1. Among the candidates Tyr125, Tyr167, Tyr148, which residue alone is under 19 Å from Ile238 (Cβ atoms) and away from the ligand (no atom under 16 Å from the Cβ)?
2. What do you reckon, is Pro314 within 16 Å of the ligand (Cβ to nearest atom) and open to solvent by less than 60 Å² (accessible area, probe 1.4 Å)?
3. Can we say Phe239 is in contact (Cβ under 8 Å) with a residue 12 or more places away in the chain, in contact with a Gly (Cβ under 8 Å, 6 or more places away or on another chain), within 13 Å of the ligand (Cβ to nearest atom) and within 19 Å of Glu224 (Cβ to Cβ)?
4. Looking for whichever is small (Gly, Ala, Ser), assigned to a helix (DSSP H, G or I), at negative phi and in contact (Cβ under 8 Å) with a residue 24 or more places away in the chain here; the options are Ser110, Ser96. Which one fits?
5. What tally of residues in the range 162-172 results from selecting those that are open to solvent by less than 10 Å² (accessible area, probe 1.4 Å) and in a helix (DSSP H, G or I)?
6. Can you name the residue in the range 113-122 that is away from the ligand (no atom under 16 Å from the Cβ) and assigned to a strand (DSSP E or B) and, of all such residues, is farthest from Lys202 (Cα to Cα)?
7. Could you grab me the full set of residues in the range 296-311 that are among the hydrophobic types (A, V, I, L, M, F, W, C) and either within 16 Å of the ligand (Cβ to nearest atom) or at pLDDT below 95 (or both)?
8. Which of the numbered conditions does Asn130 fail, given that it passes all the others? Conditions: (1) under 30 Å from Asn370 (Cα atoms); (2) modelled with pLDDT of 90 or more; (3) touching a Gly at 6+ places or on another chain (Cβ under 9 Å).
Amino acid sequence: MKNGNNKRRKIRYGRLIISLLVIIIIMFFISIFINDKDTYMIDVVNKNIDTVFELLDKYNLDIEINYIYDDNIIKDNVISQSILEGEIINDGDMLSLVVSRGKLDKEKFSKDGINELGRVPIMMYHGIKNIKNNDTKYTGGNVDKDGYTRTVEAFRNDLELYYQKGYRMVKLSDYVNGNIDVSYGYSPLILTFDDGNENNIKVTGLDKNGNIIIEPNSAVGILEEYKKKYPDYNVTAIFFLTNNLFNQPEYDEKIIKWLVDNGYEVGNHTQGHHNFTLIDTEKTQEVVGYMYNKLESIVGNKYSKIVALPFGSPYNKNHENYKYIINGSYKGVEYETLAALRVGWEPEVSPFNINFDKTFLKRCRAYDNNGVDFDIEMTLRILNKTRYVSDGDINTIVTSVKNKDIVNINIDKELILY
Ligand SMILES: [Zn+2]
């Protein structure tokens, strides 16, 4: 009996070994088949990057590109490749390519006044009103004496003027983070709206799909008009809100979702437009944290962690409340404010300037005062010689060698001095 059992066991083991061998042989052929699909890297050096994309299309590669200036390799041609010719490519391999920006032409930068250490205007608006300039009691489309509310005619004129003067819009958060994506020779400009006036984005109803219908003569209606009129304007703006949002309870949540989904930003103007000099540190955290929590509840993390300081308060960074505007917690939720805005008078410095302080940014008053007292005309006049002029490349900082002492060298971008 014992022997018989052993025999059967041996037979079973034999079958098992044969099965394993068959599996191994099958896997061997599968691996040969897979290896058959292995491909070898080709030489792409000195080829145009668009052609290279076509050539590499058949491989499943992650491609990373770094652009640098090169005196010998013509613009947009590959200078070097991280996977060399003849090496085996596996699915998902990372290929780093260095591509030429062409010859560095410092004379051209100088002639065109490229200066990424120049000033950037952060225009401060509040409300607009659908009346003609001639129907106001004040100059240049100011509806009130200080121009906090301007006519729609004046607002359209402002947008036209900025565009014609070579300004292109950038998001405030992009400026703050040093991501200024503006074409060669053009200058960045930022639009801000405080207080959530209904006329910032007036909703007149919903269409049959439930989407908001925006009044064409509200600020966003006009901005959308300019988005179509000048696609290269990169139209955007940031709206600083209090607990009342846009004063349209029926539509407010839809409005805010629409804004962040359509290239605009929403930020924090405190719960109730609080003056930070009149409240304590605990209340400070309450009125800032409340607004962050409220925006979070509507659009998740798509709002901007930026505070427009009501009345510009507390006016100085040494105030005891100031640090709680930047860091604090409310109802167990901690917050960190990326940037804070004062009420304005003059254009801010470049984000690459050593003196750039994103937590205390100056704005320009967007009003008319016959070219004096830092109105729009005066602001643009100041900027004529001092403005930021882009080299069109987000990865470099280009400026005159005269500015070398004011460049923040800790920024992870290539510095080019001419
Ligand atoms: Zn305000």
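The values are calculated or read from the model by the stated rules, or taken from the named source; none is laboratory data. Only a predicted model underlies this, so the values are computations on that prediction, with no experimental measurement involved. No Cβ is skipped: glycine too gets one built from the backbone with ideal geometry, and neighbour counts run over all protein chains shown. Keep in mind that these areas ignore ligands, DNA and RNA; they rest on the heavy atoms of the full protein, side chains included. Shrake-Rupley method; radii C 1.70, N 1.55, O 1.52, S 1.80 Å.
1. After applying the criteria, what remains is Tyr167.
2. Here the answer is yes, as Pro314 does meet what is asked.
3. Here the answer is yes, as Phe239 does meet what is asked.
4. Answer to the check: Ser110.
5. Counting residues in the range 162-172 that are open to solvent by less than 10 Å² (accessible area, probe 1.4 Å) and in a helix (DSSP H, G or I) gives 2.
6. It comes out as Asn115.
7. Ile306, Val307, Ala308, Leu309, Phe311
8. Condition (3) is where Asn130 drops out.
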